[in-house]
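One structure is given here, and the rest of the page talks about it.
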Amino acid sequence: MTPLNSHNPFKVLFTADFFNADGKPKFSDIGLNIFTDHTHVQKDSFAEHLPEIAPSQIGNAQGVIALTPSVTANSLSQADELLAIARFGVGYDNTDVNACTEADVLLSIAIGAVDRPVAEATIGWMIALTHHFRTKDQLVRTGQWDARVNYHGCELRDRTLGIVGLGGIGRKVVKLLQGFGMNQPIAFDPFADASVAKQFDVRMVKLDELLRTADFVSIHCPLSDATHNLIDADQIALMRPEAYLLNTARGGIVNEDALYEALQQGRIAGAAVDCFVGEPITHPHRLGELENVLLAPHSIAWTHELFRDIGQMACQGMVKLSIGKEPRGIVNREVLERKSFQEKWQRLIGRDGE
């Protein structure tokens, strides 16, 4: 396969939520420099932000790099010229994978790019919860200095981390926590390889045992039919009163009603939540009423490095596709076996201006 010539560029569109109203990027670096040495790639952006990508927005583009909009079968109903969609991150629960495959559209994610920042944020939250950062900040701001005696914290030392989902992020959390003097971490993941658990010195357990044992229950699994409400009232009831729950994965994995009641009644020590059902949250969330909760608008791990690394991977993936190479992080690898996809790929990047 040969790349398109200058008369037939490989057109890549970014969804509009990457940019401000004046067209300037919201983020300092989303990997656009990758295209500098690849003049056959033409980058542009959607004119407006829609919650769901519309067929007319894709037009004749060969690639789309999507931040938040969902991708449905309708989005792809006219995608004859579209070769690939790259999700800006690792989650793809708002993308119809089967529809992508049926439309001969490759779906990719930035596998590995989010591991470090999410892991750092998770550990930061663990320390913030156990040392009462939020409350102690407020004591000073409100002149309640003497109340500090009521807020002794605890260290990570001799505590047990329970990881739900021993993927790249979960493994990075384990690695970064080495040196804190914690107990051997435990994990629940029916798909984890035993050799991986051994490599990271993690003991694999059933979910119920993890919930009964862990001082920190940290969610790092994808949202799917199998994980929807994975942590509900019955599961939270198994947790120890001194335990904390952290969710940096997806809203819907933890039942918010059950979590709110458990926190309100003091049945668990606290929680940190970065993701919610029904995002975006545009009104005060009820979890914000509680003192033993830390919240973030699905951005606790957003760093300059995160956006740089995801962007470089997404953009590099588009460049690879434009010259006939497979990108990293393909979700629907079965699309590569489809004759219709291979013919489409050849047609889109092998045109010579005839």
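The values are calculated or read from the model by the stated rules, or taken from the named source; none is laboratory data. No experiment lies behind these values; they were computed from the predicted model shown. Note that we place each Cβ from the backbone using ideal geometry, even for glycine, and neighbour counts take in every protein chain shown.
State yes or no: is Gln342 out of contact with any strand residue (DSSP E or B) (no Cβ under 9 Å at 6 or more places or on another chain) and free of Cβ contacts under 8 Å to residues at least 12 places away in the same chain?
Spelling it out, Gln342 is indeed out of contact with any strand residue (DSSP E or B) (no Cβ under 9 Å at 6 or more places or on another chain) and free of Cβ contacts under 8 Å to residues at least 12 places away in the same chain.
Quick one: in segment 281-321, of everything that is charged (D, E, K, R) and in a helix (DSSP H, G or I), which residue is farthest from Leu246 (Cα to Cα)?
The residue in question is Lys320.
Being assigned by TED's automatic domain parsing to the domain that holds Ile323, surrounded by fewer than 22 Cβ atoms within 10 Å (Cβ to Cβ), at pLDDT 95 or above and touching a His at 6+ places or on another chain (Cβ under 7 Å) narrows it down to one residue among Ala73, Ala16, Ala99, Ala54; which is it? Step through it out loud before you land on a result.
Numbers: Ala73 fails: touching a His at 6+ places or on another chain (Cβ under 7 Å); Ala99 fails: touching a His at 6+ places or on another chain (Cβ under 7 Å); Ala54 fails: touching a His at 6+ places or on another chain (Cβ under 7 Å).
Checking each option against the conditions leaves just Ala16.
Please enumerate the residues belonging to segment 143-167 that are touching a residue at least 60 places away in the same chain (Cβ under 8 Å) and assigned to a helix (DSSP H, G or I).
Passing the criteria: none in range.
When you scan segment 242-283, how many residues do you find that are in contact with a helix residue (DSSP H, G or I) (Cβ under 9 Å, 6 or more places away or on another chain) and polar (S, T, N, Q)?
Number of matching residues: 4.
Between Val331, Val277, which is assigned by TED's automatic domain parsing to the domain that holds Asn94, at pLDDT 95 or above and of a type in the set (Val, Ile, Thr)?
After applying the criteria, what remains is Val331.
For the subset of segment 240-292 comprising residues that are polar (S, T, N, Q) and surrounded by 13 or more Cβ atoms within 10 Å (Cβ to Cβ), which member is farthest from Trp302 (Cα to Cα)?
Gln264
Among the candidates Tyr244, Tyr260, which residue alone is farther than 22 Å from Phe191 by Cα and touching a residue at least 40 places away in the same chain (Cβ under 8 Å)?
Residue meeting the stated conditions: Tyr244.
Considering only residues that are out of contact with any Ser or Thr (no Cβ under 6 Å at 6 or more places or on another chain) and either touching a residue at least 40 places away in the same chain (Cβ under 8 Å) or in a helix (DSSP H, G or I) (or both), which ones fall in segment 322-333?
If the condition is that a residue be out of contact with any Ser or Thr (no Cβ under 6 Å at 6 or more places or on another chain) and either touching a residue at least 40 places away in the same chain (Cβ under 8 Å) or in a helix (DSSP H, G or I) (or both), then Ser322, Ile323, Gly324, Arg328, Val331, Arg333 are the ones that fit.
Does segment 264-273 include one or more residues that are part of a loop (DSSP other than H, G, I, E, B), charged (D, E, K, R), at pLDDT below 95 and outside the structural domain of Leu82 (by TED's automatic domain parsing)?
Checked against the condition, which is being part of a loop (DSSP other than H, G, I, E, B), charged (D, E, K, R), at pLDDT below 95 and outside the structural domain of Leu82 (by TED's automatic domain parsing), segment 264-273 yields no hits at all.
So which residues in segment 176-191 are over 19 Å from Lys206 (Cα atoms) and either free of Cβ contacts under 8 Å to residues at least 40 places away in the same chain or assigned to a loop (DSSP other than H, G, I, E, B) (or both), if there are any at all?
Leu177, Gln178, Gly179, Phe180, Gly181, Met182
How many of the residues in segment 192-222 are crowded, with 19+ Cβ neighbours inside 10 Å and in contact (Cβ under 8 Å) with a residue 60 or more places away in the chain?
Summing the residues that are crowded, with 19+ Cβ neighbours inside 10 Å and in contact (Cβ under 8 Å) with a residue 60 or more places away in the chain in segment 192-222 gives 3.
Considering only residues that are of a type in the set (Lys, Arg) and within 30 Å of Asn229 (Cα to Cα), look in segment 131-165 and name the one that is surrounded by the fewest Cβ atoms within 10 Å (Cβ to Cβ). First the steps, then the outcome.
Initial filter on segment 131-165 (of a type in the set (Lys, Arg)): 134, 136, 141, 148, 157, 159.
In the following step, the residues that additionally are within 30 Å of Asn229 (Cα to Cα) were identified as 134, 159.
Numbers: Arg134: 15, Arg159: 20.
Across segment 131-165, the extreme among qualifying residues is Arg134.
Going by what's in this entry, would Leu336 be described as more than 23 Å from Thr15 (Cα to Cα), of a type outside the set (Gly, Ala, Ser) and part of a helix (DSSP H, G or I)?
yes
Which of the following residues is aliphatic (A, V, I, L, M) and at pLDDT 95 or above: Val90, Val64?
Values: Val90 fails: at pLDDT 95 or above.
None of the other options fit; the residue is Val64.
Take Thr101 and decide whether it is under 24 Å from the mean Cα position of the chain (by Cα), farther than 18 Å from Gln342 by Cα and hydroxyl-bearing (Ser, Thr, Tyr). It would help to see each step written out before you state the result.
Working: under 24 Å from the mean Cα position of the chain (by Cα): yes; farther than 18 Å from Gln342 by Cα: no; hydroxyl-bearing (Ser, Thr, Tyr): yes.
Answer is no for this residue.
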